[in-house]
1. Any idea of the accessible area per residue across the stretch 150-233, 1.4 Å probe, to the nearest Å²?
2. Would you please state the base-10 log of I(q)/I(0) at q = 0.18, 0.25 1/Å for the stretch 146-202, with intensities from the Debye formula using one equal scatterer on every alpha carbon?
3. Taking only Cα atoms of the chain, what ratio of Rg to Rh do you get with Rh as the Kirkwood inverse-distance radius?
4. Computed over the Cα atoms of the stretch 178-220, what is the convex hull's projected area averaged over all directions, in nm²?
5. Round to a whole number: what % of the accessible area of the chain belongs to carbon and sulfur, probe 1.4 Å?
6. Under a 10 Å cutoff between Cα atoms, tell me which one of Tyr144, Tyr71, Tyr196 has the largest fluctuation in the Gaussian network model of the chain.
7. Between Val163 and Thr99, how many nm apart are label points set 7 Å from Cα along the C-beta direction?
8. Taking the Cα centre of the stretch 195-249 as origin and charging only Cβ (+1 Lys, Arg; -1 Asp, Glu), how large is the dipole, in debye to the nearest 20?
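The values are calculated or read from the model by the stated rules, or taken from the named source; none is laboratory data. These figures come from a predicted structure and were not determined experimentally. Quick reminder, even Gly has a Cβ in these numbers, built from the backbone with ideal geometry, and neighbours come from all protein chains shown. Remember, those area values only see protein heavy atoms, side chains included, never the ligands or the DNA or RNA. Shrake-Rupley method; radii C 1.70, N 1.55, O 1.52, S 1.80 Å.
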Amino acid sequence: MPHSKTPSSVYKLQVMDRALAILDVIGSVEGDSSLPELCIALGLHKSTLHRLMMVLEGHRLVDKNPDTGRYRLGLKLFELGSKAIASLDLRELALPHLTRVQHETQETVNFAVMDKGEVLYIAKIEPQRNLRIAAHVGHRFPAYCTALGKAMMAELPESEVDVILAGCEMKARTPNTITSPVILKDELRMIHARGYSIDDEENDEGARCVGVAIRNQKGSPVAGMSVSGPASRVTKSKVPGIAEILIRAAQAFSRELGNNSEALAAKVVGTR
């Protein structure tokens with residue numbers, strides 16, 4: 001005979017349903033959400049919602065702004081999302097796009113994800129040339145001084161950028177490295193508007209890199225793609241052409257992941 005549901009089990013399922021509904025509502029609105037706004041959206045009593053928010057906050061599934069008392073999605077979801085991304089095997093999906101970009105540019109093409117404020121390289125295709133860039137699959141670099149990192153950071157909310165920068169020491173890796181959070185944020189705004197980033201000998205002297213972000217169906221950055229090479233070959237005059245190739249590839253890849261935004265297409269035109 002089937003087991004009947006006890007009042008306790010029904011209550012636990014109801015609590016889980018409500019918790020997931022809270023996360024859905026917070027994730028579906030622009031900016032942070034207040035407790036009264038969530039009460040209205042979910043049809044819950046303030047005391048009930050407050051207890052649920054305390055549990056979610058304790059598990060880092062939501063963050064509460066101490067100044068405003070408003071809530072946003074927590075970084076635990078970012079961590080879980082990063083692991084989910086890995087399980088989708090983005091690398092295999094990316095390889096045709098990386099191969100096409102490498103064929104068109106004849107330079108090294110890199111593919112990476114963001115992990116705890118660092119860029120983690122998960123794929124790389126190199127040209128048949130003697131002089132190459134020495135970033136290897138599995139290597140990590142700080143996000144603030146790489147084209148890949150800056151491209152992905154430029155698509156994040158400023159609050160998430162602040163968390164990343166708070167967790168790292170912005171050391172000068174070369175004379176060109178940006179070590180000021182204020183200056184970096186100004187550059188991230190420019191990157192967001194332009195559609196691509198540049199590592200102008202900021203991580204390695206003598207190496208220049210152009211990067212773009214790959215977006216999922218919600219427009220969030222899930223990975224980055226870049227073209228890198230010696231500064232003598234990847235000259236400043238070549239950057240716009242390389243950027244156009246990368247933006248087209250990022251647009252195609254992002255569409256595969258469910259993002260149908262036309263914003264990238266407009267940025268392709270802007271590189272001409």
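1. With all protein chains present, the stretch 150-233 gives 43 Å² per residue.
2. -0.56, -1.10
3. My calculation of the ratio gives 1.06.
4. So the Cα hull casts an average projection of 3.6 nm².
5. Within the chain, the accessible surface is 56 percent carbon and sulfur.
6. Taking springs between Cα atoms under 10 Å, the residue moving most is Tyr71.
7. Distance between the two pseudo-spin positions: 3.7 nm.
8. Result for the stretch 195-249 is approximately 380 debye, rounded to the nearest 20.
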